[in-house]
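K.L.:
Quick one: this structure, given as structure tokens, is what I'll be asking you about.
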Amino acid sequence: MTSNSAGEEVKAEEVKAEEAKSGGERPGVDWDAESATFDDEPDHGLRDPAVREAWAARLRGWLPRGPADVLDLGCGTGSLSLLASEQRHRVTGVDSSPRMVDLARAKLAGRDAAFLVGDAAAPPVGEQRFDVVLVRHVLWTLPDPGRVLRHWCGLLRPGGRLVLIEGVWGTVSPVGISAGRLTGLLAPLAEDVRVEPLSDDPLLWGREVEDERYAVVAVP
Ligand SMILES: C[S@@+](CC[C@H](N)C(=O)[O-])C[C@H]1O[C@@H](n2cnc3c(N)ncnc32)[C@H](O)[C@@H]1O
């Protein structure tokens, strides 16, 4: 037996099942090892056309209309990078896992996209600036998210925006960052902060979900 964050005793198998259902969004993961099966989750690989179109439609709402420079941090296998590229944006992806970066490069081969191995908290992009910093399911794992958000704001061109997709996964032993905490961290950094709940759209996840999932679009 182990205890969840509310102090209730739960079986270790239940915790494992919860973690598996969360799609692997947990710290201390060997992402190189996870890379081969990462896209098996509906919202990771976007293989189901209905799931794919649900994410494409959301991205169209979050990204600028015209072609823009998008920095996808913790890009994984490049699934969101590919959607952004299909919407005519130029993409730079950064991930600390070389295997994830290999898969992203293969997924976007022949497109106007570049992928770098590096730390999402301090991306190796030199003086380059972007219209969008796009981050899904990564911020909450980084130490000192407030400092990281400040750094990301500095990577934006004037008028640029952060598009952050985060959540609190699992109910037995929840992990993640709540929309309330994230908007609190953004308050001193961004003039305009819009939260879009995502838990009520099973098409995004390939199933019904009960935990907190959301996107934030923040303009400094
Ligand atoms: C849950 S996956 C999300 C992947 C992708 N953003 C998506 O939504 O499909 C987390 C990704 O973040 C990467 N990652 C974790 N910590 C990182 C860090 N400090 N810097 C760069 N990438 C990181 C992992 O290698 C993994 O590819």
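Just so it is clear, none of the values below were taken in a lab; they were calculated from the coordinates. Remember, predicted model here, so these are calculated numbers, not experimental data. Heads up, the Cβs are rebuilt from the backbone with ideal geometry, glycines too, and the neighbour counts pull from every protein chain shown.
K.L.:
Would you say Leu156 is more than 22 Å from Asp39 (Cα to Cα), more than 10 Å from the ligand (Cβ to nearest atom) and in contact (Cβ under 8 Å) with a residue 24 or more places away in the chain?
P.N.:
Taking the combined requirement at face value, the residue satisfies it.
K.L.:
Moving to a separate point now. Tell me, yes or no, whether region 153-175 has at least one residue that is among the basic types (Lys, Arg) and under 14 Å from the mean Cα position of the chain (by Cα).
P.N.:
no
K.L.:
In region 19-131, which strands (runs of 3 or more DSSP E) lie fully inside it and hold 1 or more residues that are basic (Lys, Arg)?
P.N.:
Here the list reads 90-95.
K.L.:
What number of residues in region 34-81 are aliphatic (A, V, I, L, M) and either without any contact (Cβ under 8 Å) to a residue 24 or more places away in the chain or under 20 Å from Ala114 (Cβ atoms) (or both)?
P.N.:
Count: 8.
K.L.:
Can you tell me which of Leu134, Leu186 is surrounded by 15 or more Cβ atoms within 10 Å (Cβ to Cβ) and away from the ligand (no atom under 12 Å from the Cβ)?
P.N.:
Unique residue meeting the criteria: Leu186.
K.L.:
Among the numbered conditions (1) within 15 Å of Ile165 (Cβ to Cβ); (2) among the hydrophobic types (A, V, I, L, M, F, W, C); (3) touching a His at 6+ places or on another chain (Cβ under 7 Å); (4) more than 13 Å from the ligand (Cβ to nearest atom), tell me where Ala68 comes up short.
P.N.:
(1)
K.L.:
Something else now. Which residues, counting only those in region 101-113, are surrounded by 14 or more Cβ atoms within 10 Å (Cβ to Cβ) and either within 9 Å of the ligand (Cβ to nearest atom) or of a type outside the set (Lys, Arg) (or both)?
P.N.:
Answer for region 101-113, where residues must be surrounded by 14 or more Cβ atoms within 10 Å (Cβ to Cβ) and either within 9 Å of the ligand (Cβ to nearest atom) or of a type outside the set (Lys, Arg) (or both): Val101, Asp102, Leu103, Ala104, Leu108, Ala113.
K.L.:
What number of residues in region 133-181 are β-branched (Val, Ile, Thr) and under 18 Å from Ser96 (Cβ atoms)?
P.N.:
5
K.L.:
Moving to a separate point now. For region 116-127, which positions are more than 9 Å from the ligand (Cβ to nearest atom) and touching a residue at least 40 places away in the same chain (Cβ under 8 Å)?
P.N.:
Val125
K.L.:
Just the residues that are within 19 Å of Glu53 (Cβ to Cβ) and not aliphatic (A, V, I, L, M), please, taken from region 198-214.
P.N.:
Scanning region 198-214 gives Ser199, Asp200, Asp201, Pro202, Trp205, Gly206, Arg207, Glu208, Arg213.
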